[in-house]
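Take a look at the structure set out below.
The values are calculated or read from the model by the stated rules, or taken from the named source; none is laboratory data. Just so it is clear, the structure is predicted and the values come from calculations on it, not from any experiment. Note: ideal-geometry Cβ built from the backbone for every residue, glycine included; neighbour counts use all protein chains shown.
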Amino acid sequence: MAGLTPKQSTNHPNPFPQSKWRIASWILLVGYLVYSVNAMGLSWQRFTDGLGHAGTLLDRMFPPNFSRWELLLGGLVESLQIAVIASVVGILLSLFIALLAARNFMPIWISVPARAFIALCRSFHPVIIAILFVKSVGFGALAGILTLIIATIGFIAKLFAEAIEEISFKQVEAIQATGASFIKVILFSVIPQVFSRFIGFATYQFDSNLRNSTMIGIVGAGGLGGTLFSAFQRFDYDFVAAILITIIALILFWEFLSTLVRRVF
Amino acid sequence: MQQSDQHWQRFSVKQKLSRFTVYLLFVMALVVSMRSVEIIPEFFFDAPEQMMDLLNRMWPIDIAFYPLTVHAAIIETLNIATLGTLVTLIFSIPLALINASNVVASPWAHWFARFFLVSSRSVNSLVWALLFVAIFGPGVLAGVLAIAFRSIGFVGKLLAEALEEIDMGTVEALRATGAPWGAVMLKGYWPQVKPAFFSIVLFRWDINVRESAVLGLVGAGGIGVVLNDSMNLFQWQQVATSLLAIFAVVIMAEIVVVKIRQKMI
């Protein structure tokens, strides 16, 4: 039974050794914090001063002032209009672009440019796109709609293309074997496979468009954002609070609706 | 042989009705929005011409403007994004721990954490920036805090989901040895959520680089301030320089994130 007597070793290696990389990354992190705080001129003084202002600001924000509800409602309706139109047009366009970008349906010389276009739509923040559209089509809802169409294509077309690339080709071949045209192949073999995911993406994108449509007004592209920004500039903080509460309520309401819609499909 | 008179249907009557209702409401919303939105058609048809005019004014790009102000502003933007992402961890890690049902098992705590996470997400980063500019005055501090507060909801929610998905075996084993809370956290939970944690943080950093580029439009520091100044002066060639710089930084951030993720996984 010699093999069963365990060797009594007194120096176990530490089961949780300190790695050099961990220490190095902590040093790097602290170094970066010191550098960036210095480079940007952040100071504790300013932070504590600001906390005093925060008290005053909150004091002036409450109670929220809903007396100018007509202005609020006008902005809200415009935001909703922008979000609805931009989502519908953007999602329809995304369907086509996604089909062009799907590598299992299209030759490489179509899918690569389509993918590049999608990437270009994604690379800029909606506010920057909104600025460019405000300069080219003037202030108002149209600039907002065009902006959100671009934002929708950048996000949805990419997800749609990925969904289309993941489908099973058996159904496609079955429909093709009946002699169906290309449009019918898409309608009866591709769409049914990806439809429920499309609905999911579409409701998410509508949610995102709704949030963005309340923001792009800051640069003049219509909607509630414009009302919010001018309320800020006039220091009407109680009206600001009312607008913020409306936006949050709107988004919570849509979240409730979208779970209902997703249950239907 | 008796023939079956059952007629096969893909959806039940109730399903059909509810789907039809969703379609109907959807089309109604679209029609109402299209009819009531305020769009001046002349502006729309004029758009391509105006867009070309804008591009003509932007060309040639003012490269000499880059070393003057754009470079420093771009570095500041990157610092805002990075520091904001680091600051958000201070708030989002505790909230994620409270929100994860296998760490803190109290429904009241969950509602408490969820309230903060949801309100952080519903307010757009530009709106957070407006609030913080009102509190701390224009500058980098407002930008860092806007980025940090907008990210709390995102990081906190995803981290809580990652925490809930872990295998509890290690944690129970550690608890059975009588390990203190800190040791259970560090050696039980942390190793399992580490990959998810880093990928969430990197993903948010990538988004924050895009967002911090526009915060300057409301006075919260970074490249947006330079962009806003050149636009107000109608210096479109300088605007083009800033836009190109933003584009380059966004692409660079995306490449960095992809590379780090490949190394880690």
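What the table below lists for this structure:
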quantity: Lone qualifier among B:Ile251, B:Ile260 - being surrounded by fewer than 18 Cβ atoms within 10 Å (Cβ to Cβ) and at the interface with chain A (Cβ under 10 Å from one of its Cβ atoms); calculated: B:Ile251
quantity: Some residue of segment B:5-12 being free of Cβ contacts under 8 Å to residues at least 12 places away in the same chain, farther than 22 Å from B:Leu227 by Cβ and of a type in the set (Gly, Ala, Ser); calculated: yes
quantity: A:Ser230 vs. criteria among the hydroxyl-bearing types (Ser, Thr, Tyr), surrounded by fewer than 22 Cβ atoms within 10 Å (Cβ to Cβ) and either in contact with a Gly (Cβ under 8 Å, 6 or more places away or on another chain) or touching a residue at least 12 places away in the same chain (Cβ under 8 Å) (or both); calculated: no
quantity: Residue list for segment A:227-242, filter: more than 9 Å from chain B (Cβ to nearest Cβ), under 24 Å from A:Ile128 (Cα atoms) and at pLDDT 85 or above; calculated: A:Thr227, A:Ser230, A:Ala231
quantity: Residue list for segment A:110-128, restricted to those being within 13 Å of A:Ile218 (Cβ to Cβ) and of a type in the set (A, V, I, L, M, F, W, C); calculated: A:Val127, A:Ile128
quantity: Residue match in segment A:193-201 (condition: within 11 Å of another protein chain (Cβ to nearest Cβ), surrounded by fewer than 21 Cβ atoms within 10 Å (Cβ to Cβ) and touching a helix residue (DSSP H, G or I) at 6+ places or on another chain (Cβ under 8 Å)); calculated: yes
quantity: Residue count for segment B:33-44, restricted to those that are crowded, with 16+ Cβ neighbours inside 10 Å and within 14 Å of A:Gly223 (Cβ to Cβ); calculated: 3
quantity: Answer residue from segment B:88-121, given it is under 18 Å from A:Leu58 (Cβ atoms) and of a type in the set (Ser, Thr, Tyr) and is nearest to the other protein chains (Cβ to nearest Cβ) among those; calculated: B:Ser119
quantity: Boolean, A:Ser258 is touching a residue at least 40 places away in the same chain (Cβ under 8 Å), more than 15 Å from B:Val123 (Cα to Cα) and not hydrophobic (A, V, I, L, M, F, W, C); calculated: yes
quantity: Hey, A:Ile145 within 19 Å of A:Val84 (Cβ to Cβ) and surrounded by fewer than 24 Cβ atoms within 10 Å (Cβ to Cβ) or not; calculated: no
quantity: Qualifying residue in segment A:168-185 (condition: part of a helix (DSSP H, G or I) and among the basic types (Lys, Arg)); calculated: yes
quantity: Any helices (runs of 4 or more DSSP H) falling wholly within segment B:1-106 and containing at least 3 residues that are of a type in the set (D, E, K, R); calculated: B:13-36, B:41-58
quantity: Leading residue by the ranking (farthest from the other protein chains (Cβ to nearest Cβ)) among those in segment A:246-263 that are of a type in the set (Val, Ile, Thr) and surrounded by 13 or more Cβ atoms within 10 Å (Cβ to Cβ); calculated: A:Thr246
quantity: Residue in segment A:148-160 that is nearest to the chain's Cα centre (by Cα), counting only those that are surrounded by fewer than 23 Cβ atoms within 10 Å (Cβ to Cβ) and within 14 Å of chain B (Cβ to nearest Cβ); calculated: A:Phe155
quantity: Condition broken by B:Ile255, with the remaining ones in (1) assigned to a helix (DSSP H, G or I); (2) within 23 Å of B:Leu126 (Cβ to Cβ) satisfied; calculated: (2)
quantity: Some residue of segment B:257-265 being within 30 Å of B:Ala134 (Cβ to Cβ) and either in contact with a Gly (Cβ under 9 Å, 6 or more places away or on another chain) or not hydrophobic (A, V, I, L, M, F, W, C) (or both); calculated: no
quantity: Among the residues listed as A:Leu224, A:Leu244, A:Leu257, the single one being of a type outside the set (Gly, Ala, Ser) and touching a Gly at 6+ places or on another chain (Cβ under 7 Å); calculated: A:Leu224
quantity: Those residues of segment A:207-217 which are assigned to a helix (DSSP H, G or I) and under 9 Å from B:Asn124 (Cβ atoms), in sequence order; calculated: A:Arg211, A:Asn212
quantity: Some residue of segment A:161-174 being within 12 Å of chain B (Cβ to nearest Cβ) and either among the basic types (Lys, Arg) or under 13 Å from the mean Cα position of the chain (by Cα) (or both); calculated: no
quantity: Of the criteria (1) surrounded by 13 or more Cβ atoms within 10 Å (Cβ to Cβ); (2) away from chain B (no Cβ under 13 Å); (3) among the hydrophobic types (A, V, I, L, M, F, W, C), which one A:Met61 fails; calculated: (2)
quantity: Residue list for segment B:45-56, filter: aliphatic (A, V, I, L, M), without any contact (Cβ under 8 Å) to a residue 12 or more places away in the chain and surrounded by 14 or more Cβ atoms within 10 Å (Cβ to Cβ); calculated: B:Ala47, B:Met51
quantity: Residue count, segment A:209-221 (criterion: within 8 Å of another protein chain (Cβ to nearest Cβ), out of contact with any Pro (no Cβ under 9 Å at 6 or more places or on another chain) and not charged (D, E, K, R)); calculated: 3
quantity: Test: A:Gly50 is more than 27 Å from B:Phe132 (Cα to Cα) and within 14 Å of chain B (Cβ to nearest Cβ); calculated: no
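Residue-by-condition table, conditions (1) touching a Leu at 6+ places or on another chain (Cβ under 6 Å); (2) aliphatic (A, V, I, L, M); (3) within 8 Å of chain A (Cβ to nearest Cβ); (4) surrounded by fewer than 16 Cβ atoms within 10 Å (Cβ to Cβ):
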position: B:Trp8; (1), (2), (3), (4): no, no, no, yes
position: B:Val13; (1), (2), (3), (4): no, yes, no, yes
position: B:Leu25; (1), (2), (3), (4): no, yes, no, yes
position: B:Val31; (1), (2), (3), (4): no, yes, no, yes
position: B:Met58; (1), (2), (3), (4): no, yes, no, no
position: B:Ile61; (1), (2), (3), (4): no, yes, no, no
position: B:Tyr66; (1), (2), (3), (4): no, no, no, no
position: B:Ala72; (1), (2), (3), (4): no, yes, no, yes
position: B:Ile80; (1), (2), (3), (4): no, yes, yes, no
